[in-house]
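Asker: I am attaching a structure below and will ask some questions about it afterwards.
The values are calculated or read from the model by the stated rules, or taken from the named source; none is laboratory data. This one's a predicted model, so the numbers in the text were calculated from it and none came from an experiment. Counting neighbours? That spans all protein chains shown, and the Cβs are built from the backbone with ideal geometry, glycine included. Just so you know, the surface numbers come from the protein's heavy atoms only, side chains and all, with ligands and any DNA or RNA stripped out. Shrake-Rupley method; radii C 1.70, N 1.55, O 1.52, S 1.80 Å.
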Amino acid sequence: MSASDEGNAAAAGYAPHPYVGGRTAVLRALAAWRMRWPGAPRVIVLTGNPGSGRSRLLTGFLMMCDPGYRKQLPLDDLDPATVPPDLPAPAVPSPAGRTAAQLLWLISDHFGLNADHADDIFTELATREEPVTIVVPDVDQAGPVRAANEPVRVVQDVLKPLAATDTVQLLADVPRELAAELAGALPRGQVQIIDLDEAEWADPKGLVLHAETALTPEAGAPELPYTTDPSARRALAEAIAARADGNRLTVQLAVQSLLMQPDGFDPADASLLPGSVGEALDLHARRLGADPQTLRLLLAPLAFAEGEGLPVQLWGALANAVAGRDMSQDLADGMLLAAPFIQPVEASPDEDDDEDADEDGPAGEAADDSSAGADAGRTLLRLMHPGLAEEIRSALPDTRDAQTKIAMALLEAVPQQDWSKADPYIRDHLAAHTLDAGLLPQLLTDPGLFAHADPVTMRAAIEAVPLDQLGAPARTYLRTAPLLTRSQAPAELRAAFLESAFVEDGLAPYAEALHQLGFTLPWRTLWSVPLVGVRAVTTGSLPPQGGDGATADAAGGPDGTTAAQAPDGTAAQVPDGATPGSAQPGGPVPASGSAAPRPVAAFVVPEGTPGSRTVPRPDGDDSEGEGRALLLHDLLRPEYVDADPAQVQLPSEQAQTAAPFGLSRGADYLRVWARADQEVVAALLSDTPFTGADLSPDGVLVVATARGVTARQILATPPPATPTVPAQRTGTADSDASDGLEGDHS
């Protein structure tokens with residue numbers, strides 16, 4: 001098939017595709033691919049220069065693949081070889097704004113795969129009895145952060161494995177620099193590259209038709225001699241298409257420019273017609289008596305805009321920053337100058353969960369509802385085509401310097417450096433701008449920004465920085481980011497998760513800073529120990545010290561129960577050589593000399609854990625297997641406790657019932673609720689399963705995971721309970737009781 005097929009189709013009397021307006025050769029190739037015609041490749045890689053019309057072509061083809069939309073098309077008038085068979089619509093997972101991992105889980109969800117890991121997706125697709133058809137458009141728009149170069153990861157981590165799966169029929173629209181890499185992974189005959197800028201696939205007549213249609217009054221063009229006279233309109237369309245060298249974006253910009261400002265345009269003067277996207281910008285400016293560089297400087301902030309677009313109110317400040325001078329008058333006078341190249345959009349929140357599918361598994365990842373939709377309802381501005389933005393950026397003498405100026409201007413626009421008052425665009429996308437400027441590591445020291453920024457974009461930006469260039473706070477954020485995105489947590493809950501993560505990583509000042517930023521956090525993290533192998537935790541207390549030691553050792557709890565008698569273990573000591581106050585196993589910490597009982601937490605650990613005391617097996621238990629031991633830790637302070645296991649007193653049933661809070665537990669979540677009104681006051685998620693959890697009567701939540709043990713003081717003030725009859729929780733529990741010494745204290 002070649003460009004000559006266009007002429008053959010026209011000679012046969014076939015109508016052009018009503019949306020594509022040509023591209024007969026390509027449409028024939030795609031139709032043969034869709035019907036799995038003998039000799040047709042299993043994989044097609046569609047590519048071309050920015051503005052070559054790949055997206056429009058793919059959209060037109062997918063119209064004919066959709067059973068519902070086919071009914072609206074004049075299929076009987078089209079070349080039959082360009083019309084795919086009437087089959088179920090192919091899967092069309094869009095990578096626009098998504099990471100490679102998000103795209104993978106979107107595919108998994110579409111086909112209902114039972115996959116726990118990314119590799120499982122390809123394995124399950126490979127075992128399907130019937131082949132599946134997947135069309136992946138706009139790979140060049142992949143990723144929530146432009147500078148993170150997500151299209152490369154999409155090709156490597158998604159498209160290449162899909163192409164290598166024999167049961168997958170794949171059509172992908174990729175940038176030219178990645179097309180050969182994708183096609184090179186397959187044997188000859190299984191793959192075909194269609195480059196829309198090569199002569200074989202050129203469509204000069206379709207380009208003329210595109211320009212001619214745009215010049216008609218029916219398409220919205222004003223009534224001018226060269227729009228109302230068919231012969232003049234045809235001649236102008238041919239001249240525009242000839243100068244555009246096959247680029248549809250150049251044609252579109254040329255037509256929009258002359259129709260928006262027809263004064264000063266002579267259709268007989270070919271020098272007024274652009275030969276490239278850059279010339280379309282410059283010719284438009286000169287025709288309006290403006291400096292082309294001024295137009296480019298006005299549009300530069302939009303060329304660097306992230307997400308859906310740039311808020312109108314930030315445009316002027318960023319234009320001033322890039323230009324290095326006051327552009328306010330240029331902006332006021334230049335709306336007509338910039339209008340052909342700008343597209344206003346109304347920001348909208350994410351409408352479905354798979355818009356932000358989980359990066360780490362099928363649980364689903366979504367941008368949080370406080371950030372991702374914060375722009376909803378207000379007007380944003382963006383350039384009308386990514387190719388236009390690429391042209392403007394590439395023409396700047398120093399793009400990194402321009403991004404640095406933009407980033408500094410955005411930072412200065414944060415009121416009193418209070419991220420809660422920052423424009424949503426700034427807090428969500430500042431990281432992307434600083435990444436492109438090479439300044440992101442310097443930004444990643446502000447816990448307020450970590451909490452307020454959209455975790456999807458923040459995570460993507462940080463992951464693009466080499467790990468050895470990140471400071472400790474940024475590494476903590478990166479470790480916590482999957483939890484932030486999977487939970488769809490609002491800013492306040494993100495702050496709570498980060499507060500605990502900072503304590504876990506030994507960054508207590510950052511955790512404390514989050515308590516000073518106006519958040520109403522559900523807890524304060526008291527301490528955390530990186531202890532491996534903890535099977536269960538429970539809370540209790542040691543009796544006052546200083547009295548008769550033998551009496552204290554033999555004392556039981558208020559209800560006659562001691563830790564040593566409990567079924568899951570006893571108390572523990574720590575090895576010699578530790579220093580007081582240490583949160584790590586390593587030395588004895590004398591018990592407090594205060595007169596009040598000392599709250600403690602007991603960890604059930606494998607026998608032989610440093611500092612632990614072995615739990616004696618019950619009489620008659622001669623079972624094989626690893627024994628158990630207990631390790632004691634102060635409940636309120638970061639220090640281990642050296643005490644006889646028999647001293648530990650467990651809360652009485654009365655104390656548990658009278659406690660203001662209750663605890664419900666699932667595999668990877670915990671809920672703390674107020675007994676008086678059953679309202680949840682704290683919710684905790686984990687990226688690893690809980691191995692133990694307990695809640696003390698005074699509201700200290702102790703949780704063990706594979707990573708270690710952490711204690712959090714619940715900060716919520718419970719409503720008053722009935723003084724004589726403690727309120728009881730109704731309904732069924734979310735899970736079985738805790739595996740602590742005496743079970744769940746809820």
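Asker: Mind ordering 134-145, 642-653 by average Cβ neighbours within 10 Å, highest first?
Answerer: On the way: 134-145: 24.2, 642-653: 22.5.
Going by the mean number of other Cβ atoms within 10 Å, highest first, we get 134-145, 642-653.
Asker: For the pair Ala89 and Asp291, how long in nm is the line joining their label points, each one 7 Å along Cα→Cβ?
Answerer: With each label placed 7 Å out from Cα toward Cβ, I get 5.0 nm.
Asker: Once the other residues with Cβ under 12 Å from the Cβ of Arg36 are scored (Lys, Arg +1; Asp, Glu -1), what is the net sum?
Answerer: Once positives and negatives cancel, what remains is +1.
Asker: Taking the Cα centre of segment 161-312 as origin, work out the dipole magnitude from +1 charges on Lys and Arg Cβ and -1 charges on Asp and Glu Cβ, in debye rounded to 20.
Answerer: 140
Asker: Taking the simple approach of a point 7 Å from Cα along Cα-to-Cβ for both Asp119 and Glu512, what is their distance in nm?
Answerer: 4.6
Asker: Then there's this: Could you name the lysines whose alpha carbon sits less than 30 Å from that of Lys205, not counting residues in the same chain fewer than 8 places away?
Answerer: Lys71
Asker: Something else now. Provide the solvent-accessible area of Met408, counting protein heavy atoms only and rolling a 1.4 Å probe, rounded to the nearest 10 Å².
Answerer: Solvent-accessible area, nearest 10 Å²: 80 Å².
Asker: Please go through segment 67-105 and write out the trypsin sites (Lys or Arg not before Pro) that DSSP classes as loop and that have at most 12 other C-beta atoms within 10 Å.
Answerer: Loop-located and lightly packed - Lys71.
Asker: Ignoring any ligand, DNA or RNA, what whole percent of the accessible area of segment 41-183 comes from carbon and sulfur when the probe is 1.4 angstrom? It would help to have the intermediate numbers written out before the result.
Answerer: Working: 2620 of 5500 Å².
Whole-percent figure for carbon plus sulfur exposure: 48.
Asker: Can you give the accessible area of Trp105, probe radius 1.4 Å, in Å² rounded to 10?
Answerer: 10
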